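Read through the structure below, which is laid out as structure tokens, and then see the notes.
Where a number appears in this text, it was derived from the coordinates with a stated rule and is not lab data. This is a predicted model, so every value here is computed, not measured. So basically every Cβ, Gly included, is an ideal-geometry build from the backbone, and we count neighbours across all protein chains shown.
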Amino acid sequence: MLFKIEPRPDPSKKMKYLSPLIAVVMMLITGLIIFLILGKNPVSAFHAFFIEPVNDFYGLGELIIKASPLMLIGVGLTVGFRANIWNIGAEGQLAMGAVFAGGIAIYFSNSTSVFIIPFMFIAGAFGGMLWACIPAFLKTEFNANEILVSLMLNYVGILILSLLTHGYWKDPNGYGFPQSILFSESALLPILIEGTRLHAGIIISFLAIFIGWIFLLKSFIGFQLQVSGLAYNAASYAGFKYKKMVWFGLLAGGLAAGLAGVSEISGPIGQLLPSVSPGYGFAAIIVAFVGRLHPGGIFLSSLLVALLYLGGESVQMNLDLPSAVTGIFQGMLLFYLLAADFLINFRFKVKSKL
Amino acid sequence: MEQNKFFKFGLCILACVFIVTGFAFPVSSKEKASKEKLKVGFVYVSPIGDAGWTFQHDLGRIAVDKTFGDKVETKFVENVPEGAEAERVIRDLAKSGHDLIFTTSFGYMNPTLKVAKLFPDKKFEHSTGYKVAKNVGTYLCRFYEGRYLTGIIAGKMTKSNSLGYVAAFPIPEVIRGINAFTLGAKSVNPKIKVKVIWINSWFDPGKEREASEALIDQGVDVLTHHTDSTAPTITAEEKGVYAIAYHSDMSKYGPKAHLTATTHVWDKFYTQITDDVLNNKWKSKEIWGGIKDGMIELAPINTKAVPSDVVKMVQKTEKMIVDGSFHPFQGPIKNQKGKIIVKSGSHLTDKDLLGMNYYVEGILGNIPK
Amino acid sequence: MNIDILLNIFVATIAAGTPLVYAALGELITEKSGVLNLGVEGMMLVGAISGFIAMAKTGSLVFAVLCGMAAGILMSLIFAFLVLTLMANQVASGLALTIFGIGISAFIGIDYTSVALKGIPPLNIPFLSDIPFIGRIFFSYDILIYLSLVLLTGIIFFLYKSRAGLILRAIGENPKSGHALGFSVIGIRYLAVIFGGAMAGIGGVYLAVLYTPMWVEGMVAGRGWISIALVVFATWRPLRVIAGAYLFGGVTIIQFHIQGFGIEISSQFLCMLPYLATIIVLVIISRNKNTIRLNSPASLGTTYHPATN
């Protein structure tokens, strides 16, 4: 029996939603095979990877903390991705958000004002958007490829953060170690539930999902983004302003990444460090794709990708495997998703006879 | 709407996947069995490898295992980055029943304290830091004693009078070592200059190599380092200059280049602390041990290269340090501008040493601000 | 500062730039065919650990290079299959490749961390390398550095003097007309991506086996991204790629030397320069249709659907 690949007359909606599930299942199967090859008992390996990190209340809290920046950035990037604007600079935008907000926390370290936190979020949002402005401006005014510009700016942003923590913003009483002062209470996000590290920053992420849902699926501008993404020519024909879409798409990502940066430093970290993100800006791209550029899907996929982070640390502790396993699973997830997406536009057909 | 229906369908399946994986693998009951044993956790900043800072700590862990046999169970997590991730690892160790946890890098200080607050009945020992709590002690070696001795060898062996130092972070622990090394070298050779390159990482063989090459290219003929890998020793061997290693005896990586090394010995300390915890005698302390306490040792001196009178000189000074008749930071000491900062007849106190943030005379350049 | 130090800096710079030369020349060919592969970092890492293990086991540099190339090719095939056969998005596929490569290389390399390799001394061509000054500048490198120059010559010849190169460039400019002329766009792009993978693999091997020589998790340390920047910085021209590689490689060497001289310039600031320079070049060449056509492959990053023809 032979199979033939043929294009579907219309993209399959069913496959569009099935493909992330196929990807997850394939990822699990491949993971199983990897553990088997390594001679690890797959049951205990899977237990250590997927269950151990979240088998108590505290662990669930950790999962949400990890998922929080991912869903926030994922939704923000989706605004651009839907319009075919490829912002892959979220890692740098996050760093710049942390820089701007961290500056506030450091310079007002003696203040006990309740306005410090809101002020930090405004500054962080500004920082992230400022960093996203650059590719937007260079794209609309000079036609420079936003993928490349935002990619380059990642490193510049990360290096600026590193420069400041190694230099001007180093804790004067920190014996020269590259980290800022510990933020004062007024610059720290309150803990929501005792006994966990769940901080108020997650509210912003949940809000982002909600707002993203309304904005992307129910508003006119969300529709415009979609049209502009589907067909560049059609969009300009319909009178939609492409430049406006570029600005919009990039700034939304920058805003979200900047806010995520603030939540990280005034939440779980509590100070500025030379590095404040274990690659959330890149992982959020996986989250957005696996979530089908849909806020509801992003919510779920952010939990999954967050679990992959926690699982990596867990197998490092329990099975003496490197925590880098996380990267293998994250990479595989996206590979399988991209591969399964093929079935949206194509199908296999049984060839009865040659 | 059809789209919505499929979306919900998708959610259900994804939820099912989560739940099924959850139930398919019941929690093992292994944890309960080992309740009687004292569980001791170690957090390492770099891979254990076969030489270096973490390697020495792991020798200490193995010593604990050997000494107490069935009474303890040790566990280590290696390659844990300093910062937010460290907090999770330390917390996981505490949560999984480790009653005594050693965190072995400066950058673990704040995470250790944060976790210690949440687990008041667990004991924590943080290496190289300066903050303590009721259940957090600190421990450190007087690395500088070894540094001074190796400085004597470097000062005697250099022909270019230019010594090189690959350093990690400009914190007092490292600066103290650079100063002691310089003082030791100057005590036998007033003409020497020490060049320092900071790489801002504890463990990065690539950068360590590049920095070592840069120093050697600039005329350095005795190289030492305060970083974790064997790269400086290997580079020195290749380029035909001398190396003085740190943390571990690295002679097998540079049989010709390796003159000696300042090594750390944690065996005694780790067994002592574990014993204290087992017997409920543990108290938060700030421990700072040197050659006298067996926490610092010089690796065997390469006698093919180092003349015997130099070896004797080193041994003599070592004896004086042990019996207290000599202190490496004993006056007169001049700062970089040539001003006397420690008068003859006195020496720096431990408090001065712990906060050291200046170079002594003979070191080129400035400490990065 | 004397002439010897300058010479030493020069020689060290060439060595530091060489991994970039390989990776960027490979990416150049990939991009010339119209495919943007952001997975260079991942391919380099997997190449590095494969070459390192081969070297540790056999001690043969040739074998190590072959293993590194094979590993790079395998990685690039995943990417090629996704973007060329399954027509997946190139940006996402490339990122996935990098994330995957960082993970899998650390995973494979766990037992090889901080294992020291016996360094391979540079060739030091007899007599020639003894000539003062000139000997040091031209004849004191290891074999892979000379090989990279041979590769450069080959690529220049291939791109601008051969029919195959012409076809490759044509497909990068306009895959549809390439198809109309009877060339297999997908097949040619496969070859270009595979070449990129093989070169990234060699770049990794150079780093792990000759340059450091040691294996550490994530040791490529952003050089893959720099290589991608470099191709843009060089406006897709091979000679400029190699010049840029030494320029960017020099940045890492210079930052340590200036510290040794006691000059205070922050290393972070120096590290930013390559990225900033790349953005500036990109703006200059993109500003109007003519300059962009002259410089970058027109179909770069866009998916080619054979079915829509």
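Non-local amide H neighbours of B:E125 (under 5 Å, H modeled in plane, Pro and chain starts lacking H): which ones?
B:I101, B:F102, B:T103, B:G137
For segment C:3-304, divide the Cα radius of gyration by the Kirkwood radius and give the resulting Rg/Rh value with two decimals.
0.98
Tell me the mean residue ellipticity at 222 nm calculated for chain A from its helices only (DSSP H runs of n ≥ 4, each -39500 (n - 2.57), averaged over every residue, nearest 500). Mind dumping the intermediate values first?
On the way: 14 runs with 235 residues, N = 354.
My calculation for chain A gives -22000 deg cm²/dmol from helical runs alone.
Over the Cα atoms, compute the radius of gyration (one decimal) and Dmax (the largest Cα-Cα distance, rounded to a whole number) for the protein assembly as shown, in Å.
29.1, 101
Rounding to the nearest 10 and keeping the result within 0 to 90°, find how far the Cα-based axis of helix C:223-233 lies from the longest principal axis of chain C.
Long axis of C:223-233 versus the principal axis of chain C: about 60 degrees.
Tell me which lysines have Cα within less than 25 Å of A:K4's Cα, excluding those fewer than 8 residues away on the same chain?
A:K13, A:K14, A:K16, A:K349, A:K351, A:K353, C:K176
Between B:I341 and C:F133, how many nm apart are label points set 7 Å from Cα along the C-beta direction?
About 4.4 nm separates the two model spin labels.
I need the peptides B:120-128, B:270-278, A:80-88 ranked by packing, meaning the mean over residues of other C-beta atoms within 10 angstrom, with the highest value on top.
Highest mean packing first, the order is A:80-88, B:120-128, B:270-278.
To make sure I understand, if each residue's beta carbon is the centre and we count other beta carbons within 10 Å, what order do A:S180, A:S275 fall in, fewest to most?
A:S275, A:S180
What is the set of long-range amide H partners of A:L192 at a cut-off below 5 Å, with H atoms built 1.01 Å from backbone N?
A:L198, A:H199, A:A200
How do B:F329, A:F137 rank when sorted from fewest to most other Cβ atoms within 10 Å of their own Cβ?
The order, fewest Cβ neighbours first, is A:F137, B:F329.
Sort the following peptides by mean Cβ neighbour count (other Cβ atoms within 10 Å, averaged over residues), highest first: C:179-192, B:186-199, A:280-293.
Averaged packing, sorted descending, gives the order A:280-293, B:186-199, C:179-192.
Helix-only mean residue ellipticity at 222 nm, chain B, DSSP H runs n ≥ 4 weighted -39,500 (n - 2.57), per residue, nearest 500. What is it?
-13000 deg cm²/dmol
Hey, what do the phi angles of segment B:276-283 turn into as Karplus ³J(HN,Hα) couplings, whole Hz, using 6.51/-1.76/1.60 and θ = phi - 60°, x for Gly and Pro?
The phi angles translate into 4, 5, 4, 9, 6, 9, 5, 9 Hz.
Considering only Cα-Cα distances, which of the following residue pairs are longer than 32 Å: B:K75/B:K292; B:K131/B:K316; B:K75/B:K114; B:K252/B:K285?
B:K131/B:K316; B:K252/B:K285
Place a point 7 Å from the Cα of C:D4 along the Cα-to-Cβ direction; which residues of segment B:239-263 have their backbone N under 17 Å from it?
B:239-242
Taking each residue of C:260-269 in turn, how many C-beta atoms of other protein chains fall within 10 Å of its C-beta, and what is the average?
Shielding by partners across C:260-269 averages 6.
Give the order of C:V40, A:V114, A:V227, A:V99 when sorted by the count of other beta carbons within 10 angstrom, beginning with the fewest. Numbers along the way, then the final one.
Numbers: C:V40 35, A:V114 9, A:V227 17, A:V99 27.
Fewest to most other Cβ atoms nearby, the residues stand as A:V114, A:V227, A:V99, C:V40.
Working from Cα positions, state the angle (0 to 90°, nearest 10) between the long axis of helix B:205-217 and the longest principal axis of chain B.
Orientation of helix B:205-217: about 10 degrees from the principal axis.
Using helices alone, I'd like the mean residue ellipticity at 222 nm for chain C: each DSSP H run of four-plus residues gives -39500 (n - 2.57), total over residue count, nearest 500.
Details: 13 runs with 211 residues, N = 309.
For chain C, the value works out to -22500 deg cm²/dmol.
Just need the relative contact order of chain A here, percent rounded to a whole number, with Cα pairs under 8 Å and 6+ apart.
37
Could you work out how far helix C:61-80 tilts from the main Cα principal axis of chain C, as a 0 to 90 degree angle to the nearest 10?
Approximately 30 degrees, to the nearest ten.
Using 18 Å as the cut-off for backbone N distance, which residues of segment B:174-202 belong to the label zone defined by a point 7 Å from the Cα of B:N357 along Cα→Cβ?
B:174-179
Residues of C:175-187, mean number of Cβ from any other protein chain within 10 Å of their own Cβ, rounded to a whole number? Before the final figure, lay out each step's value.
Details: counts 0, 0, 0, 0, 0, 0, 0, 0, 0, 0, 0, 0, 0.
Rounded to a whole number, the mean comes out at 0.
Once you place label points 7 Å from the Cα toward the Cβ at B:K117 and B:E286, how far apart are they in nm?
So the label points at B:K117 and B:E286 sit 2.1 nm apart.
Take every residue in peptide A:160-166, count the Cβ atoms of other chains within 10 Å of its Cβ, and give the average of those counts.
Counting other chains' Cβ atoms within 10 Å and averaging over A:160-166 gives 4.
Amide H neighbours of B:I296 under 5 Å, at least 5 residues apart or on other chains, H built in the peptide plane: list them.
B:V265, B:I291
From Cα pairs below 8 angstrom and at least 6 apart in sequence, can you work out the relative contact order of chain B, rounded to a whole percent?
Answer for chain B is 16 percent.
From the phi angles alone, apply the Karplus equation (6.51, -1.76, 1.60; θ = phi - 60°) to segment B:99-112 and give each ³J(HN,Hα) in whole Hz, x where the residue is Gly or Pro.
Residue by residue, segment B:99-112 yields 8, 9, 10, 9, 10, 10, 8, 3, x, 8, 4, 5, x, 4 Hz.
Considering Cα pairs under 8 angstrom that are at least six residues apart, work out the relative contact order of segment C:3-304 and quote it in whole percent.
RCO, segment C:3-304: 38 percent.
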